[in-house]
Each structure stands twice: as C-alpha cells, then as structure tokens.
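Have a look at the structure below before the remarks.
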Amino acid sequence: MYGLGRLSGQNPPTPVLLGRYAITAKIADGGMATLYLGVGRDGDGKEELVALKVIKEGLSGDEVYEAMFLDEARILSLLGHPNVIHTHEYGITKGGHPFIAMELLLGRTLADAWDDHANESGHMPLALGAWICARVAEGLHSAHALRDDEGALLQVIHRDVNPSNVFLTYDGQVKLIDFGLSRARKRSAKTGDGIVKGKIPYLAPEQATHGPIDRRIDVFALGATLWEVCTGRRPVSYTHLRAHETVLD
C-alpha cells in the first residue's frame, strides 16, 4: 500500500535519513521490503512527502535480494508516465541500506475498490473497469517501449499485473505500481530454475509453464484483471502447475 491509511506509529528504523529524506512513520510491510513515510525538501525548498521503500533488515547485504531491489529501482527511475508510479531517487546509504523514494499516493488499490463493489452490487461497472484498465495499458505500453541510450528496446516486462498492483488515487489518477518482479534485458538479478514469478490467476500459459515470455504476458494479465473486475469471476484456473514449481508473490 502506498497510501497513508495504515500507519503503524512504530519508531523509525536506523538509519533515520535515506538520501535527502527523513523517515517519519511505517506504512506497510512486504515480502522483501518495508514502506515508510518520508519527508524532505524539493528543488524549491518546499516540504515534500514521499513513500520510502527500504529493503528489509534481514535481507540487507544479501547479493541476490539487493540486486533485485536495485534492478526495480533502475527500471522505475526510467519510467516517466502519468499512469506509472513516479520515482524521485534511489540509492544505498552509507550504512548499506538500499532504498527507493517514490511519490506518495493517497487512495486504494483496484483490489480494494473491487471488494467494495462486490459487497454492494456484485461487480464493478463495465465502463469504470474498462477506463481503469485502459489507463493501466497506457502505463504498461510506456514500460514496454523503453529504450536504452543506443535506441534498443530494454524489453521491460512487469510480470505481476493484477488488481493489487493497480492504485487508484483519491484525485482520480490510475497508477501501475510494484515493479519488484519485473524483467528487463539489462537486469542484473536472474530468476532461478523452477521458479514462476507472478500470481497464478493472472499468469499467461507460457509464463506458467516456463515458456519464452515477452510483453504479451502483461497484456494477458491485464485482460484477466479486466475480466475479473467487470464480471466478479476469474477467467482461468491454473491447477496444472506442477507441485515442485514455486510461485513468488
């Protein structure tokens, strides 16, 4: 969650400063990172609130997880689309703590909004679901179309498009978030053998069965998301995944 709805009130961790931002409160915990509320100054000297994503203490110093975390940061820093969460800066503190400073989004996820509609009417209106997913498609296209300095496609794939990673702000913006499982041509961290990345109900068949993948798996996942929010049902059940395969959320 990238909003202010779940502040824990816990004391800030060490280090207190991440780049030019001071940690003020904890927002949420994830599998690989913790999200904090940060405050700093923008270029004009005005106070600026941000979401600070910090690799978990127990994973700091782990080469694999740090590579994954910094790969996400590098990909996010290249994106500049209004339908993708904006990254202000990223880096590693002198104490060795990798962090990402992102825009602070106030609102809720599409999954949360879908739950409310399900409780009230059974499903989200088609026009609303289609409009939200169209905005996500625009953000996805900006990631898929990213090129390096030589003009070659970076081949960015999100790999985890689903309602929990679509954020709806209170002022009407739609943001694609969480590129932690994304893949790109110049990414340092590699997926291990036998590991499927993504959430099962949204996996394209080639993704679920270790086939070659490209940006079309994101389009498939977005289509599954659109179907789910507009019908209240998941279109596919992936019961054929072998028991020894691991799925990372």
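The values are calculated or read from the model by the stated rules, or taken from the named source; none is laboratory data. Computed from a predicted structure; not experimentally measured. Reconstructed Cβ throughout: ideal geometry from the backbone, glycine too, with neighbour counts over all protein chains shown. Note: areas computed on protein heavy atoms with side chains; ligands, DNA, RNA excluded. Shrake-Rupley method; radii C 1.70, N 1.55, O 1.52, S 1.80 Å.
Summary of values
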| quantity | calculated |
| --- | --- |
| In region 15-30, residue most open to solvent (accessible area, probe 1.4 Å) [restricted to those that are of a type outside the set (A, V, I, L, M, F, W, C), over 23 Å from ARG108 (Cβ atoms) and in a loop (DSSP other than H, G, I, E, B)] | ARG20 |
| Test: ALA73 is assigned to a helix (DSSP H, G or I), crowded, with 18+ Cβ neighbours inside 10 Å and in contact with a strand residue (DSSP E or B) (Cβ under 7 Å, 6 or more places away or on another chain) | yes |
| Residue in region 95-112 that is surrounded by 14 or more Cβ atoms within 10 Å (Cβ to Cβ), over 27 Å from SER77 (Cβ atoms) and not β-branched (Val, Ile, Thr) present | yes |
| Selection from region 217-249 of residues that are polar (S, T, N, Q) and either at pLDDT 70 or above or in contact with a helix residue (DSSP H, G or I) (Cβ under 6 Å, 6 or more places away or on another chain) (or both) | THR225, THR231 |
| Within region 31-70, tally of residues that are surrounded by fewer than 15 Cβ atoms within 10 Å (Cβ to Cβ) and free of Cβ contacts under 8 Å to residues at least 60 places away in the same chain | 13 |
| Looking only at region 113-133, and only at residues there that are open to solvent by less than 40 Å² (accessible area, probe 1.4 Å) and in a helix (DSSP H, G or I), the one that is farthest from LEU222 (Cα to Cα) | ALA118 |
| Hits in region 182-216 (condition: among the aliphatic types (A, V, I, L, M), open to solvent by less than 20 Å² (accessible area, probe 1.4 Å) and modelled with pLDDT of 75 or more) | ALA184, LEU203, ALA204, ALA208 |
| Hits in region 145-158 - residues which are open to solvent by 30 Å² or more (accessible area, probe 1.4 Å) and part of a loop (DSSP other than H, G, I, E, B) | ALA145, ASP149, GLU150, GLY151, ALA152, GLN155 |
